[in-house]
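Below is one structure, written out as structure tokens; comments come after it.
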Amino acid sequence: MEGIASDLAKSNLEKLINAMLEQSRYICCFTCITEDFEKERELLIAKKETLEENVRVANRRSDNIRRDVTLWLRQATKLIEEDTKTKVKCFFGWLPNCKWQYSRGKDLESKREEIKRLVMECNFGNVGITRDIPDIEYYSSQNYISFESRKLKFEQLFNALTDDNNYMIGLQGMGGTGKTTLAKEMGKDLKTTKVFDQVIDTTVSNTPDTKKIQDDIAGPLGLSLKDYTPSERPRRLWDRLTNGEKILVILDDVWGDINFEEIGIPFKDNHKPCKILVTTRNMSTCNKMGCEKIIQLEILPEEDGWVLFQKHSGLSGSSSKSILEKGRKICKECKGMPIAIAVIAGSLKGQQRVEEWDVALKSLQRSMPISGDDENLRKVYTCLKYSYDNMKNKTAKKLFLLCCVFGEDEEISDELLVRLAIGAGLIEKIDDDYSYDACRKEVIAAKYKLIDSCLLLNCEFGSAKMHDLVREVALSIANKEILEVNTSNKNEMTMLEKGKNIKYLLCEGKSMNLFSSQFDGSKLDILIVYLRENGYVEVPNSFFENIAGLRVLYLSKITYALGDECEKVTLSLVQSIQSMTNIRSLYLEEFILGDISILGILQGLETLELVRCAMDELPREISKWGKLKLLKLIHCDFERNNAYEVIERCTSLEELQFIGEAVSKMCHNVKLSNYQSFCISDGLAITFRGRGMKGIHWIFSWQMKFFL
């Protein structure tokens, strides 16, 4: 019995001694504990920096950052900021504070385990979630009018789409009859009433872009295709469209037979419960695609046309009898075409004198020499041309023609429109010391005049686009001064080389075909180039010499869809760029540029935009440019980060956008002297925007804290 008690006492004593030794190590081995913590912390810092880089890439793609990633970064930051310095307080500073060391050592040991846990958990893969693209529910029907003549068509279309025997339905009618509006209104109604779980629309146009169509359909379904190969994308989309949800896909503005297999749209024999609605100008397209049901949309009857005319012109029962009579006759001349009625009526809105209405009527009664046998189509051209000719705002007229340089149904952002319009000198300068923002407001005001006149269509997020029929008229008015060219198409390149009066040129494709072409660029004001290639691009001296009068140069590596990774192209800028003494706006995107000091000679530049470009450094010479008003540096990489130093010396700058890792690589005091607008951010979630700030002195740090 005594032996058992002795063994038990010995065992308890050993446990007590071990526990005391374990606890005492927090004091005796505090230095080792601190060193071990710092080693683990170095690994955590490396993991955190890698994850932050992935977050930056996801932010560039406008992805939503996962909440668990944000939480991990917050926890990691807190552990990294732990202070491991020893406090010396006992016996007049001669001995360490044992009580503090014990508590702190135990705390650091616990936090070291937390670091190990975070390192093990740092395997997120994708840190971002692709933002959902708004579906048909976001379509605004404020301009939709339920005409008596359209109610029957609406009912026919509804019955066709809800009939289980139909897979593909066609909505056919000539340009400008309102096919798109009716299709979207129907789609919104079907989604709201839960007939379909999802209703998605995409514009096909005359030159279908398969990848764009795929992304337009996949986005609202919450499906990201960016990580899949071209051969995998159709299969993934097909799987999503046939997973059991009732989905309606609206293919708008189809011009010919399209390859469903290449896109990923299911076939007729295996489609349930997915359905397709096609809008097209041509009956033959509906037949070729095998539509089970075709609804034809005719022009508006006279009374419905008059209702639409009154809505857009502002006429009412209180208007004078003579103006109402003239309005009736003008409406009749529009031949029941909604697009023509809306444009003409909008141009006459607010006109109180009968003479103005009489002039409009007589102008419309004169035929316009347009090729083709379709009387209705010729009348539409006449109506649109009249609206353009009688536009009093000169900036709006020039902007109207500028917009047709972009492709069919392409949405044009406000900032791009502003940059092109100001760079090309489409607005009158207010005075010698004009404000860039004042000119921006002039352009935006002109854009809204075009929207109010129905010559431009308003889109989400401040963008605008042209109705395809309006674009055809604009191109006719421009009379070959505006050209859109695919450099891979020999016929289009031949057309370019034969052109002599080209003012605005948009090119897409291989750079070699464009830069080696012998076209007359003596009158070229705007050149927009979307390069479809990788590797090395060298612009020959002869090219810049040929376009010496150019005012706007926009060069971009093509990124097909939001979220695509884009390999940069090495772009060599040659000495001949100095011949472009007239250039006012330069935009370069997704290029490896290296030494760009050659840009220093372009002293007439008013805007310089470098987006996702790599370069040796920001040219110091730009600080000597007396006209530079806007500088944009978005996610650029600098071999030598002298950006703050150069920016500070640009005394003429009014607007600055400096976003990316380069912001936080260098702590610096920056004086912002005359900025009207600026945005400075490290590319994560921390951004500061200002307007009307003068004489402000900011201090930048890694955390992007701002102090007055």
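The values are calculated or read from the model by the stated rules, or taken from the named source; none is laboratory data. Because the structure is a prediction, the values reported are computed rather than measured. No Cβ is skipped: glycine too gets one built from the backbone with ideal geometry, and neighbour counts run over all protein chains shown.
Can you tell me which residue within segment 288-310, out of those that are of a type outside the set (Lys, Arg) and in contact with a strand residue (DSSP E or B) (Cβ under 8 Å, 6 or more places away or on another chain), is surrounded by the fewest Cβ atoms within 10 Å (Cβ to Cβ)?
The selected residue is Gly290.
Applying the selection to segment 591-641, what residues are assigned to a loop (DSSP other than H, G, I, E, B) and surrounded by fewer than 17 Cβ atoms within 10 Å (Cβ to Cβ)?
Asp595, Gln603, Gly604, Asp616, Glu617, Gly626, Lys627, Glu639, Arg640
Among the residues of segment 251-265 satisfying the criterion of being closer than 22 Å to Met186 by Cα and at pLDDT 90 or above, which is surrounded by the most Cβ atoms within 10 Å (Cβ to Cβ)?
So the residue we want is Leu251.
Identify all residues within segment 306-322 that are within 44 Å of the chain's Cα centre (by Cα) and either of a type in the set (Val, Ile, Thr) or in a helix (DSSP H, G or I) (or both); write none if there are none.
Scanning segment 306-322 gives Trp306, Val307, Leu308, Phe309, Gln310, Lys311, His312, Ser313.
Name the helices (runs of 4 or more DSSP H) wholly inside segment 467-580 in which the number of residues that are crowded, with 17+ Cβ neighbours inside 10 Å, aromatic (Phe, Trp, Tyr) and touching a Phe, Trp or Tyr at 6+ places or on another chain (Cβ under 8 Å) is 3 or more.
none
Looking at segment 231-251, which of its residues are without any contact (Cβ under 8 Å) to a residue 12 or more places away in the chain and not hydroxyl-bearing (Ser, Thr, Tyr)?
Correct list: Glu232, Asp239, Asn243.
Looking at Leu456, Leu450, which one is crowded, with 20+ Cβ neighbours inside 10 Å, in contact with a Lys or Arg (Cβ under 7 Å, 6 or more places away or on another chain), touching a residue at least 24 places away in the same chain (Cβ under 8 Å) and within 30 Å of Phe678 (Cα to Cα)?
Being crowded, with 20+ Cβ neighbours inside 10 Å, in contact with a Lys or Arg (Cβ under 7 Å, 6 or more places away or on another chain), touching a residue at least 24 places away in the same chain (Cβ under 8 Å) and within 30 Å of Phe678 (Cα to Cα) holds for just one of Leu456, Leu450, which is Leu456.
Quick check: is even one residue across segment 244-251 in contact with a strand residue (DSSP E or B) (Cβ under 7 Å, 6 or more places away or on another chain), under 26 Å from Pro230 (Cα atoms) and charged (D, E, K, R)?
Yes: one or more hits.
Is segment 233-250 home to any residue that is aromatic (Phe, Trp, Tyr), buried (at least 19 other Cβ atoms within 10 Å of the Cβ) and farther than 30 Å from Thr162 by Cβ?
No, there is no match, as no residue in segment 233-250 is aromatic (Phe, Trp, Tyr), buried (at least 19 other Cβ atoms within 10 Å of the Cβ) and farther than 30 Å from Thr162 by Cβ.
Can you name the number of the only condition in (1) modelled with pLDDT under 90; (2) out of contact with any Asp or Glu (no Cβ under 7 Å at 6 or more places or on another chain) that Gly222 fails?
If we test Gly222 against (1) modelled with pLDDT under 90; (2) out of contact with any Asp or Glu (no Cβ under 7 Å at 6 or more places or on another chain), just (2) comes out false.
Would you please name the residue that is modelled with the lowest pLDDT, looking only at residues in segment 311-350 that are crowded, with 18+ Cβ neighbours inside 10 Å and polar (S, T, N, Q)?
Among them, the one singled out is Ser347.
Can you work out which of the residues in segment 161-179 that are farther than 21 Å from Phe260 by Cα and surrounded by 19 or more Cβ atoms within 10 Å (Cβ to Cβ) is farthest from the chain's Cα centre (by Cα)?
Gly173
Looking at Glu303, is it more than 19 Å from Asn166 (Cα to Cα), part of a helix (DSSP H, G or I) and assigned by TED's automatic domain parsing to the domain that holds Val199?
No, not satisfied.
Specify the residue that is nearest to Gln214 (Cα to Cα); the eligible residues are those in segment 227-270 that are among the acidic types (Asp, Glu) and touching a Ser or Thr at 6+ places or on another chain (Cβ under 8 Å).
Glu262
Just a yes or no: is a residue in segment 611-624 under 19 Å from Leu420 (Cβ atoms) and not polar (S, T, N, Q)?
Yes, some residue in segment 611-624 is under 19 Å from Leu420 (Cβ atoms) and not polar (S, T, N, Q).
I'd like to verify a number: residues in segment 166-191 that are part of a loop (DSSP other than H, G, I, E, B) and at pLDDT below 90, how many?
Matching residues across segment 166-191 total 6.
This table checks each residue for (1) within 24 Å of the chain's Cα centre (by Cα); (2) crowded, with 19+ Cβ neighbours inside 10 Å.
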residue: Asp389; (1), (2): no, no
residue: Ala396; (1), (2): yes, yes
residue: Leu399; (1), (2): yes, yes
residue: Leu402; (1), (2): yes, yes
residue: Asp409; (1), (2): yes, yes
residue: Glu415; (1), (2): yes, no
residue: Arg419; (1), (2): yes, yes
residue: Ala424; (1), (2): yes, yes
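Looking for something at pLDDT 80 or above, at negative phi, polar (S, T, N, Q) and under 29 Å from the mean Cα position of the chain (by Cα) - is there at least one such residue anywhere in segment 524-546?
Among the residues of segment 524-546, not one is at pLDDT 80 or above, at negative phi, polar (S, T, N, Q) and under 29 Å from the mean Cα position of the chain (by Cα), which makes the answer no.
Given the conditions (1) within 30 Å of Lys510 (Cα to Cα); (2) of a type outside the set (Lys, Arg); (3) in contact with a Cys (Cβ under 8 Å, 6 or more places away or on another chain), and given that Ser488 satisfies all but one, which numbered condition is not satisfied?
(3)
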